[in-house]
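Participant: Before I ask anything, let me first share the structure, which is written out below as structure tokens.
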Amino acid sequence: PCILSESHARPTIAPSCAFGSAPPTRYNSRVSVGRRGFIVVSALSVPALCFPATWVDIELTCPICGAVNIFKKPGSFGSYVNDGPARLQYVFWPATTDTFLYTCRQCHLTAYMQDFDNIPADKIAPLAAMLETDGAIETPLVPYYEIPMAVRLPIAAKVYEELGRDGVFWCEFDRIAGFHYAETSEPQKAHEARARARVRAEALVDAATPDSKKEPLFILAAMRFFTGDASLARRTLDEAELLTFEAPDRDSRALDAYLSKLIDEFLSELLSGAAGR
């Protein structure tokens, strides 16, 4: 398994990613796993193991209201956590779980697990004011992971709007939202989130250099498919398949191989009709 630790060592194949065992990608988050102190097992380098992922309880004090919360943190896991269909949406564990999005039991501050207790001091007052008006949760007091994602995600969006994030972040956020809305049988919300991600992915493709375009093209193809345009998604994948990913600050060889693998899997599942909606 991969045990999360507080080490600041960067993994050999390191995602610039907020979540666990993801591919070495810039486009599934701006937050560096290395900077956040997580050591991950790459899906490219470790054989799938048979034991389940484990979670441990942690206590965190809300930076907005001071309430002490009990949250879940990944304990151990293997590369199998990213074997599911979410990878074809470029969404990776633990963002596929109900536990990665923390919500304060008192003020309802909601953020990714690595962001919850990293709120800049100058954002505390504005966030407190926003949560007073837009952070209501009309449910009984339950563990945070039992609060529906459809309730937590809109609050998180308002939090990140206040914090300020770029297009790379928002493209990931909308892909994650689309995944969770689909999982909870809310197809209209899933479509709307993926449509937003599609627009953002188009902008990422336009901004990419020729050497780095393969990754955002895959994301764009995925969002085109999951918003109902399979033929255009196929053409986008065909375009991405011809490219080689290179970037000076990335493990280019590993990422290029992983993207090629995803493209092959997506094309075969599109042809068989197995990728789903």
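Participant: What are the lysines whose alpha-carbon lies under 16 Å from the alpha-carbon of LYS158, with same-chain residues fewer than 8 places away excluded?
Facilitator: Partners found: LYS123.
Participant: What GluC sites (Glu not before Pro) does segment 93-167 have in DSSP loop regions with at most 12 other beta carbons within 10 Å?
Facilitator: Those that pass, being in a loop and sparsely packed, are GLU138.
Participant: In whole Hz, what ³J(HN,Hα) sequence does segment 95-109 give by Karplus (6.51, -1.76, 1.60; θ = phi - 60°), x for Gly and Pro?
Facilitator: 5, 7, 9, 7, 9, 6, 9, 7, 9, 5, 5, 9, 9, 6, 3
Participant: In what sequence do VAL56, VAL151 fall when counting other Cβ within 10 Å, fewest first?
Facilitator: VAL56, VAL151
Participant: Right, here's the next one. In whole angstrom, how far apart do the alpha carbon centroids of segment 128-175 and segment 58-96 sit?
Facilitator: 15
Participant: Could you list which residues have their amide H under 5 Å from that of ALA247, counting only those 5 or more apart in sequence or on another chain, with H placed in the peptide plane?
Facilitator: SER252
We did not get these values from a lab; they are worked out from the coordinates using the rules stated. For clarity, every value in this text was computed on a predicted model and none was experimentally measured. All Cβ positions, glycine included, derive from the backbone under ideal geometry; neighbour counts span all protein chains shown.
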